[in-house]
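Read the structure below first, then the notes.
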Amino acid sequence: MAEAKYSFHSLMEITKRPANVFVEGHGSWLKDADGKEYLDFVQGWAVNCLGHSPRPLVEALSRQAAKLINCSPAFYNETMIRLADLIVKHSCLQRVFFANSGAEANEGAVKLARKWGAKNKNGAYEIVTLDHAFHGRTLAMMSASGKAEWKQLYEPKVPGFPKAVLNDLGSVKAALNEKTVGVMLEPIQGEAGVFVATQEFMKGLRDLTREKGILLILDEIQTGMGRMGTLFGYEQYGIEPDIMTLAKGLGGGVPLAALVAKEGVCVFEVGDQGGTFNGNSLMMAVGIAVFEELTKPGFLEQVAKTGTYLQGRLEELSRQLGLGEVRGKGLLWALDLNKESGPQVVEECLNRGLLINSPRKNTLRFMPALTVSREEVDRMMDTLKSAWQKIG
Ligand SMILES: *Cc1c(COP(=O)(O)O)cnc(C)c1O
């Protein structure tokens with residue numbers, strides 16, 4: 001076993017990890033130090049949109065590494081211009097700031113909204129966010145998030161994030177006041193257990209924010225870049241946000257994020273925002289490669305089709321075994337168990353060579369590579385079923 005070969009003592013223990021040590025990955029498959037293979041339906045937390053070590057990324061990385069890695073954000077580089085142009089061309093927004101993580105992009109969104117509020121709304125700075133939301137782990141994003149477990153952690157928190165309830169427009173209205181500058185939410189609350197914002201709620205929010213003259217900010221860090229079967233989640237609601245953040249899939253596995261905004265919202269002035277690694281050529285080259293793959297004819301249609309297939313298989317399993325609700329879109333799905341056995345099912349699946357995730361004890365989450373095949377979905381379902389039957 002890997003435990004005998006490795007000691008983990010030098011690492012801070014920030015989460016409970018299984019003892020398996022991973023050394024290699026290709027597509028939907030991972031290999032550990034003992035040579036055992038795993039079908040991966042976690043994919044670095046919905047990050048590896050093209051699977052493990054996909055050729056376009058390996059080529060982009062090695063080509064760019066040999067050419068230019070980082071010339072500092074104080075200068076333009078060719079790749080940052082190209083990737084920003086791609087995001088603008090394919091979205092409803094016009095200006096891009098690159099960051100290194102989702103939380104950092106969200107911090108940027110909050111800064112931009114607060115600056116916009118200082119200029120246009122008498123210093124309004126509050127941003128209404130939702131219970132159970134997940135926006136990242138910086139101090140401000142812990143406040144913006146709605147995770148009950150974080151309430152007592154690292155006090156005092158950053159103020160200015162009153163809470164409302166997903167799919168309850170009345171609760172958002174009740175949270176608004178003259179200090180409100182915007183509303184921020186995820187189209188699908190992924191970390192909370194895959195809860196989808198309804199069409200009615202999202203449209204209502206867009207109308208409400210427009211009527212009040214405040215900003216609609218979408219955290220598309222998990223839902224963006226094809227995960228919902230369209231390039232961006234907002235497309236499925238027929239609305240346009242004022243600000244959007246991207247990360248996870250944008251880098252296909254490398255640290256890359258973006259803050260994207262409407263021209264009129266983009267009030268940053270020289271010196272307001274920055275970061276040493278932001279827009280570095282190496283990560284930009286990867287983002288370009290990801291974008292080129294996702295926007296190839298038929299790619300997103302295939303994601304939607306495989307997603308519908310996975311949904312059908314999960315619903316069938318739920319019926320067969322008397323489990324709970326199946327929720328999601330595209331290739332982001334959850335299956336409710338009717339008891340709190342998620343962690344045991346995850347462990348049994350791991351033993352059987354399958355990686356899945358349990359975001360809460362009574363829920364399993366599935367976030368495979370967008371390139372996952374039907375055969376791999378079938379294989380996952382077989383393993384999951386046998387694991388469930390053993391755990392029961
Ligand atoms: C993962 C995630 C984040 C945080 O991204 P990091 O890169 O971990 O900082 C924020 N919002 C959502 C919706 C996410 O899924």
Problem - Global geometry of region 286-392, whether rounded, prolate or oblate, following the gyration tensor of its Cα atoms and the 1.5 cut on a/c - result: prolate
Handout entry: Order of Leu61, Leu331 under a 10 Å beta carbon neighbour criterion, fewest first
Key = Leu61, Leu331
Handout entry: Eligible lysines near Lys121 by straight Cα distance, threshold 27 Å, same-chain separation 8 or greater
Key = Lys111, Lys157, Lys163, Lys173, Lys179, Lys203, Lys212, Lys262
Handout entry: 3J(HN,Hα) from dihedral phi, region 199-204, Karplus parametrisation 6.51/-1.76/1.60, rounded to Hz, x for glycine, proline
Key = 4, 4, 5, 5, 4, x
Fill in the blank from the handout: Per the helix-only model, the chain has a calculated mean residue ellipticity at 222 nm (DSSP H runs of ≥4, -39500 (n - 2.57) each, divided over all residues, rounded to the nearest 500) of -11500 deg cm²/dmol
Practice task
Could you point to the residue in Val290, Ala175, Ile243 farthest towards the positive end of region 147-305's charge dipole, with +1 and -1 charges on the Cβ of Lys/Arg and Asp/Glu respectively?
Solution key: Ala175
Exercise for the section: Determine the principal axes of the Cα atoms in region 78-177, then give the extent along each, sorted from largest to smallest and rounded to whole angstroms. Expected result: 44, 29, 27
Practice task
Determine, from the Cβ-Cβ distance of Leu317 and Ser7 and an R0 of 51 Å, the FRET efficiency 1/(1 + (r/R0)^6), rounded to the nearest 0.05.
Solution key: 0.85
Exercise for the section: Specify whether the C-alpha gyration tensor of region 1-116 places it in the rounded, prolate or oblate class, a ≥ b ≥ c being the square roots of the eigenvalues: rounded for a/c under 1.5, otherwise prolate if a/b is larger than b/c and oblate if not. Expected result: prolate
Exercise for the section: Principal axes first, then extents: for the Cα atoms of the chain, list largest minus smallest coordinate on each axis, whole Å, largest first. Expected result: 60, 53, 46
Fill in the blank from the handout: Quick shape check on region 240-288: root eigenvalues a ≥ b ≥ c of the Cα gyration tensor, a/c under 1.5 is rounded, otherwise prolate if a/b tops b/c, else oblate, and it reads oblate
Practice task
Specify which residue in the list Leu354, Tyr38, Pro162 is farthest towards the positive end of the charge dipole of the chain, using unit charges on the beta carbon of Lys, Arg (+1) and Asp, Glu (-1), about the Cα centre.
Solution key: Pro162
Handout entry: Neighbour net charge for Pro343 - beta-carbon separation under 14 angstrom, K R +1, D E -1
Key = +3
Practice task
Can you tell me the relative contact order of the chain? Whole percent, Cα pairs under 8 Å, sequence separation 6 or more.
Solution key: 22 percent
Problem - Net charge dipole size for the chain [Lys, Arg +1 and Asp, Glu -1 on Cβ; Debye, nearest 20] - result: 320 debye
Practice task
Set the Förster distance to 35 Å, then compute FRET efficiency between Asp382 and Asp168 from the Cβ-Cβ distance, nearest 0.05.
Solution key: 0.35
Practice task
Report the local net charge at Leu282: Lys and Arg +1, Asp and Glu -1, summed over other residues whose C-beta lies under 11 Å from its C-beta.
Solution key: +2
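The numbers here are math on the coordinates, done by the rules we state, and not lab data. Just so it is clear, the structure is predicted and the values come from calculations on it, not from any experiment. Quick reminder, even Gly has a Cβ in these numbers, built from the backbone with ideal geometry, and neighbours come from all protein chains shown.
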